[in-house]
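Taking it in order: structure first as structure tokens, then the write-up.
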Amino acid sequence: MKKLGRHTGHTMGRNVGGLAQLVTRFGNEITQVVQDIHGAVANPFSLRGHDYTPAPMVYNLIRYGFRQAGNLAGMADLLADPQRELRDSLDLQSIINGIFGQLLVEQNNRYALPMTLLPKAPPSPEADTLVIFLHGLCMNEACWNSPAADAFCQWARQNLNADIRYLRYNTGLHISDNGRKLAGLLAHTALPERVILIGHSMGGLVARSALHQGRERDDSWVNRVSHLACLGSPHQGALLERFGNEANRLLGRTPYSRPLMRLANLRSDGIRDLRFGYVLEDQWRDRPLDDPRPTRKVPLDPQVQQLFIAGSVSEPNHAQPRGDWLVTTDSALAEHLYPQADHLTRELFYQMGHMTMIEETRTYARVQRWLDESAAT
């Protein structure tokens, strides 16, 4: 049997500890929800006083049990398969970061993913172009592993003398926070003459956020960005988060269902930002968590060529094409947000789903043609 290396053991131990911490937190929240419902039923109209707490000893024992269960689950996971390494572990870590990302950071949890540009080696000084891929919610850089994406990267290396990098980040943080982090990362990276950003779903919004914040700070790196392609990005928001938010608001209508809001409110800041496609802090700061109305729009960067691609599961030339299961076509194309915009190209593909978009040859062929057309003008 192959021995567990020091680095692998450290990584697994760190991840197990982070998972145990999250299990404990989530168990405590569930216990609090049950206790609040118990209190609402046992103390109608606050007849026993506003400070009434039902069965405090019992619920404290349950919380203690969850804490120990989290520790045992983590140890069992490690002991069962200490050789299980990075692929499955990273996918699980990415999902948990997407759902509870800000909680992990608030707890200083070691399971929180840091923002990293991969491979970690500096871009080649001989390259003329740097292409950076940004993944979407609950994903990581492995989502770009497909024959279509590989073929595009090969084309970029040969025709643009490009180097390729992939961004990994905690998708549960506010998009504005990740945009600020990316702007800072690029400001401290030796970049070639030209930078091309390609973002899928949330990744496109993070790229827009970084561009806007970098431009406001007068960062020099933004002047190297020539193109930004957003693949299925919800510029006008995602309906699924809006429906979920409205359902959560309805839970708050009665004292008996109100405690259940605690669980829904655990969802990440990144998910909340997708409600209206928020890319800047000013859009969400000092506003209610469940605000049902969008705030001001953020203008597109005036100096960067941009391509917005939308997918639709409808048949070709459908009069009212549906979205890609997660993002509507008008949101991905930003038709209402930016009805007329310079330097913006839109493309709609039929019979294309949200996740298959980054695996299809059609997507990269369109990006390639768009880059060729820009170079010819």
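The values are calculated or read from the model by the stated rules, or taken from the named source; none is laboratory data. None of these values were measured; they are calculated from a predicted model. Heads up, the Cβs are rebuilt from the backbone with ideal geometry, glycines too, and the neighbour counts pull from every protein chain shown. Each accessible area value is taken on the protein alone, full model and side chains, heavy atoms only, with ligands, DNA and RNA left out. Shrake-Rupley method; radii C 1.70, N 1.55, O 1.52, S 1.80 Å.
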Residues being open to solvent by less than 60 Å² (accessible area, probe 1.4 Å) and free of Cβ contacts under 8 Å to residues at least 40 places away in the same chain - total across segment 162-198: 6
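Using the structure shown, decide if Arg362 is over 21 Å from the mean Cα position of the chain (by Cα) and in contact (Cβ under 8 Å) with a residue 12 or more places away in the chain.
On the way: over 21 Å from the mean Cα position of the chain (by Cα): yes; in contact (Cβ under 8 Å) with a residue 12 or more places away in the chain: yes.
Taking the combined requirement at face value, the residue satisfies it.
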Odd one out for Asn71 among (1) modelled with pLDDT of 55 or more; (2) assigned to a helix (DSSP H, G or I); (3) open to solvent by 20 Å² or more (accessible area, probe 1.4 Å); (4) more than 18 Å from Val206 (Cβ to Cβ): (1)
Answer residue from segment 312-345, given it is under 15 Å from Gln236 (Cβ atoms), surrounded by fewer than 18 Cβ atoms within 10 Å (Cβ to Cβ) and among the acidic types (Asp, Glu) and is modelled with the lowest pLDDT among those: Glu335
Segment 103-122 - residue that is of a type outside the set (A, V, I, L, M, F, W, C) and open to solvent by less than 20 Å² (accessible area, probe 1.4 Å) and, of those, nearest to the chain's Cα centre (by Cα): Tyr111
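Check whether at least one residue in segment 216-225 is among the aliphatic types (A, V, I, L, M), at pLDDT 95 or above and under 18 Å from the mean Cα position of the chain (by Cα), and report yes or no.
Start the filter on segment 216-225 by keeping residues that are among the aliphatic types (A, V, I, L, M), which leaves 222, 225.
Okay, now just the ones that are also at pLDDT 95 or above, so 222, 225.
Add one more test, that the residue is under 18 Å from the mean Cα position of the chain (by Cα), and what stays is none.
No: zero hits.
Just need a number here: residues in segment 173-221 that are under 13 Å from Leu137 (Cα atoms) and among the hydrophobic types (A, V, I, L, M, F, W, C).
Just the residues of segment 173-221 that are under 13 Å from Leu137 (Cα atoms), to begin with: 173-175, 178, 199-206.
Okay, now just the ones that are also among the hydrophobic types (A, V, I, L, M, F, W, C), so 173, 175, 202, 205-206.
Residues in segment 173-221 being under 13 Å from Leu137 (Cα atoms) and among the hydrophobic types (A, V, I, L, M, F, W, C): 5 in total.
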